[in-house]
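Engineer: Handing you a structure now.
The values are calculated or read from the model by the stated rules, or taken from the named source; none is laboratory data. It should be emphasised that the depicted structure is a prediction, and the values quoted were computed from it without experimental measurement. Every residue, glycine among them, receives a Cβ derived from its backbone with ideal geometry; neighbour counts consider all protein chains shown.
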Amino acid sequence: MLARRLSDDPAVRVLLLEAGPAEGGAAVRDPARWTELLTGPLDWGHAYEPAAPTLHRHIPIPRGKVLGGSSATNAMLWYRGHPADYDAWGPGWDFAALLPYFRRSEDRAAGGDEWRGTGGPMHVEREADPHPVAQAVLEAAAELGLPLIPDANGATNAGATVPEFTVRDGRRHSAADGYLAPVADRPNLEVRCGVRVVGLEFAGERCVGVRDSAGQVVHAEREVVLALGALETPRLLMLAGIGPADHLRDTGIAVRVDLPVGERLADHPLVTGMTFHARAPLGPVRGTGGGAMLNWCSPGADRPDLHAFVVQGPHATPEVATRYRLEPPVFAVSPGLMRSRSLGSVTLTGADPTAPLRIAPNLLGEPSDVEALGAGVGFVQELGETRALRAVSAGPAAPDRRLTAREREDFVRLATSTFFHVAGTAAIGPVVDRRLEVHGVEGLRVVDASVFPGLPSCNTNAPVVAVAERAADLIKEQP
Ligand SMILES: Cc1cc2nc3c(=O)[nH]c(=O)nc-3n(C[C@H](O)[C@H](O)[C@H](O)COP(=O)(O)OP(=O)(O)OC[C@H]3O[C@@H](n4cnc5c(N)ncnc54)[C@H](O)[C@@H]3O)c2cc1C
């Protein structure tokens with residue numbers, strides 16, 4: 001995003017370094033195949049530290065390793081949550097400030113209005129012919145009193161709707177497709193792939209360049225912008241001595257600036273396993289396999305904090321798949337908690353840049369998160385009993401019967417995985433200022449999900465794009 005916007009000015013030279021390849025191949029292009037990208041050469045291979053609240057289960061946390069980053073490997077849902085999420089980010093980053101950037105980034109197939117944009121780099125469209133299971137889920141939600149809303153990115157996000165995806169003409173439309181491909185021939189924009197940055201170069205307090213894993217140093221004429229994502233950006237900062245002083249000393253790294261890098265790691269917990277037996281074979285996956293989105297409130301919430309989407313096929317943690325009978329045809333309705341309170345951290349396990357990270361998000365660490373997700377499981381079980389869902393479902397597969405409140409919480413612990421929304425590890429406030437510049441050094445900025453001072457109640461691609469759009473203006477207006 002940034003590379004495109006900054007190189008709009010022919011007087012500015014932009015160098016984009018990416019560790020992964022320029023192209024991901026057929027599985028990246030085909031929206032139906034995104035689950036194949038959860039592991040493999042286009043993934044960084046990270047996993048969460050096993051923890052008691054999730055029964056010490058192994059929970060991978062995929063991150064895209066290809067031009068376009070995770071937008072080239074994600075599930076493509078385009079959703080920006082609730083305005084209040086951003087109002088909590090404070091001046092300059094509140095919803096009113098970000099709305100023009102959300103709109104500027106968009107090319108919405110269904111047209112623009114005061115909330116939505118057209119003509120921007122990110123093409124977003126709906127599945128033209130949603131799967132009958134997705135349609136049944138929308139009708140089931142309406143039976144339970146959830147309003148059917150025209151656009152979850154419009155006037156309200158509370159309700160059930162046919163979602164929009166970063167898909168164009170049946171193909172994934174990543175940030176690289178939307179922002180970079182149309183300007184690939186710019187003489188002032190160079191993209192180098194297969195280059196892993198492992199260090200920052202300093203002259204006094206000023207960051208003057210980066211060092212890659214082959215030892216090559218690249219000097220920045222103006223500034224260095226880190227956009228490595230919410231796990232690799234804090235790694236690079238800490239390797240450069242910018243992080244919690246005690247942790248850096250314990251790891252054998254000289255402290256440059258004592259900052260709480262890696263702290264307040266946030267993610268949305270996702271119940272991965274609420275599965276139903278289908279009455280008939282589901283046929284080929286349509287679109288991304290989604291096709292219906294529900295946003296509703298857990299008891300006591302003043303705006304939606306629960307969000308569910310449909311999966312045309314099994315969608316379960318290995319532990320759920322072992323305990324329950326999930327033979328096809330099955331489909332899933334997966335609820336996630338979008339305003340979880342549990343926060344964790346990412347830290348180094350050594351000064352070697354390739355050492356595994358210790359990623360401890362503390363999923364379900366707060367009892368209120370378990371309660372809210374338990375309510376989400378209860379709601380999806382009720383969906384399964386509606387007339388509309390019984391028309392396409394032969395009954396629940398996992399859980400295979402109605403659960404008590406206590407049993408629902410046990411199921412939550414067995415089934416919770418990641419919604420893939422890591423953020424907050426170099427947040428506006430404690431680590432970067434409101435212009436996204438790292439405190440205590442010059443010439444170094446962060447522009448990715450790390451800077452989120454709070455996790456919005458949505459999937460995180462659209463907010464990252466909006467943040468990058470605004471960052472481009474901040475950088476351009478700087479003398
Ligand atoms: C499986 C999955 C499904 C998801 N589904 C959705 C969804 O449906 N909708 C949605 O809105 N969001 C979704 N997300 C989340 C969303 O895609 C991410 O939040 C968003 O793309 C993060 O953007 P980012 O710029 O912070 O980091 P990233 O997109 O991860 O980009 C970081 C880039 O930096 C590169 N990099 C990292 N370290 C180095 C280094 N040392 N040297 C050089 N390059 C480096 C990486 O290879 C990558 O290209 C999903 C994510 C995943 C993984």
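Engineer: Mind telling me which of the residues Gly204, Gly243 ends up being buried (at least 22 other Cβ atoms within 10 Å of the Cβ) and more than 19 Å from Arg63 (Cα to Cα)?
Structural biologist: Among Gly204, Gly243, only Gly243 is buried (at least 22 other Cβ atoms within 10 Å of the Cβ) and more than 19 Å from Arg63 (Cα to Cα).
Engineer: To continue, here is another question. Failed condition for Asp185, given (1) over 24 Å from Val66 (Cβ atoms); (2) charged (D, E, K, R); (3) modelled with pLDDT of 95 or more, with all others met?
Structural biologist: Evaluating Asp185 over (1) over 24 Å from Val66 (Cβ atoms); (2) charged (D, E, K, R); (3) modelled with pLDDT of 95 or more leaves (1) as the failure.
Engineer: Among (1) within 16 Å of the ligand (Cβ to nearest atom); (2) more than 18 Å from the chain's Cα centre (by Cα); (3) of a type outside the set (Val, Ile, Thr), where does Trp78 come up short?
Structural biologist: Here Trp78 clears every test but (2).
Engineer: Can you tell me which residue within region 364-383, out of those that are touching a residue at least 60 places away in the same chain (Cβ under 8 Å) and closer than 19 Å to Gly159 by Cβ, is surrounded by the fewest Cβ atoms within 10 Å (Cβ to Cβ)?
Structural biologist: Glu382
Engineer: Further question: Within the bounds of region 18-25, is there any residue that is without any contact (Cβ under 8 Å) to a residue 12 or more places away in the chain and more than 22 Å from Val451 (Cβ to Cβ)?
Structural biologist: Yes, because at least one residue in region 18-25 is without any contact (Cβ under 8 Å) to a residue 12 or more places away in the chain and more than 22 Å from Val451 (Cβ to Cβ).
Engineer: List the strands (runs of 3 or more DSSP E) that sit entirely inside region 363-479 and contain at least 1 residues that are in contact with an Asp or Glu (Cβ under 8 Å, 6 or more places away or on another chain), under 30 Å from Gln135 (Cβ atoms) and at pLDDT 95 or above.
Structural biologist: The qualifying strands (runs of 3 or more DSSP E) are 416-418.
Engineer: Restricting attention to region 319-332, report how many residues are in contact (Cβ under 8 Å) with a residue 12 or more places away in the chain and closer than 17 Å to Arg413 by Cα.
Structural biologist: Final tally of qualifying residues: 5.
Engineer: Could you figure out which of (1) within 19 Å of the chain's Cα centre (by Cα); (2) free of Cβ contacts under 8 Å to residues at least 40 places away in the same chain isn't true of Ala84?
Structural biologist: Exception for Ala84: condition (2).
Engineer: Does region 416-433 contain any residue that is charged (D, E, K, R) and surrounded by fewer than 24 Cβ atoms within 10 Å (Cβ to Cβ)?
Structural biologist: Yes, some residue in region 416-433 is charged (D, E, K, R) and surrounded by fewer than 24 Cβ atoms within 10 Å (Cβ to Cβ).
Engineer: Continuing with this model, one more query. Between Ala110, Ala22, Ala97, Ala75, which is at pLDDT 95 or above and in a helix (DSSP H, G or I)?
Structural biologist: None of the other options fit; the residue is Ala97.
Engineer: Can I ask one more? Which members of region 325-362 meet the condition of being of a type in the set (Lys, Arg) and in a loop (DSSP other than H, G, I, E, B)?
Structural biologist: Arg325, Arg339, Arg341
Engineer: Another question, if that's okay. If Arg57 satisfies every condition in (1) touching a Pro at 6+ places or on another chain (Cβ under 7 Å); (2) away from the ligand (no atom under 13 Å from the Cβ); (3) closer than 30 Å to Gly199 by Cα but one, which is the exception?
Structural biologist: Evaluating Arg57 over (1) touching a Pro at 6+ places or on another chain (Cβ under 7 Å); (2) away from the ligand (no atom under 13 Å from the Cβ); (3) closer than 30 Å to Gly199 by Cα leaves (3) as the failure.
Engineer: Scanning region 151-198 for residues that are aliphatic (A, V, I, L, M) and over 21 Å from Pro21 (Cβ atoms), which turns out farthest from the chain's Cα centre (by Cα)?
Structural biologist: Ala155
Engineer: Just checking, does region 296-308 include any residue being surrounded by 22 or more Cβ atoms within 10 Å (Cβ to Cβ) and free of Cβ contacts under 8 Å to residues at least 60 places away in the same chain?
Structural biologist: So far as region 296-308 goes, no, none of its residues is surrounded by 22 or more Cβ atoms within 10 Å (Cβ to Cβ) and free of Cβ contacts under 8 Å to residues at least 60 places away in the same chain.
Engineer: Have a look at Glu36, Glu18, Glu114, Glu106 and point out the one that is acidic (Asp, Glu) and away from the ligand (no atom under 16 Å from the Cβ).
Structural biologist: Among Glu36, Glu18, Glu114, Glu106, only Glu114 is acidic (Asp, Glu) and away from the ligand (no atom under 16 Å from the Cβ).
Engineer: From the list Val333, Val346, exactly one residue is β-branched (Val, Ile, Thr) and out of contact with any Asp or Glu (no Cβ under 9 Å at 6 or more places or on another chain). Which is it?
Structural biologist: Val333
Engineer: Enumerate the strands (runs of 3 or more DSSP E) found wholly within region 159-257, keeping only those where 3 or more residues are within 16 Å of the ligand (Cβ to nearest atom).
Structural biologist: The qualifying strands (runs of 3 or more DSSP E) are 189-193, 197-203, 206-212, 224-226.
Engineer: Please give the number of the condition Glu125 fails out of (1) closer than 28 Å to Gly374 by Cβ; (2) not in a loop (DSSP other than H, G, I, E, B).
Structural biologist: Of everything listed in (1) closer than 28 Å to Gly374 by Cβ; (2) not in a loop (DSSP other than H, G, I, E, B), Glu125 misses just condition (1).
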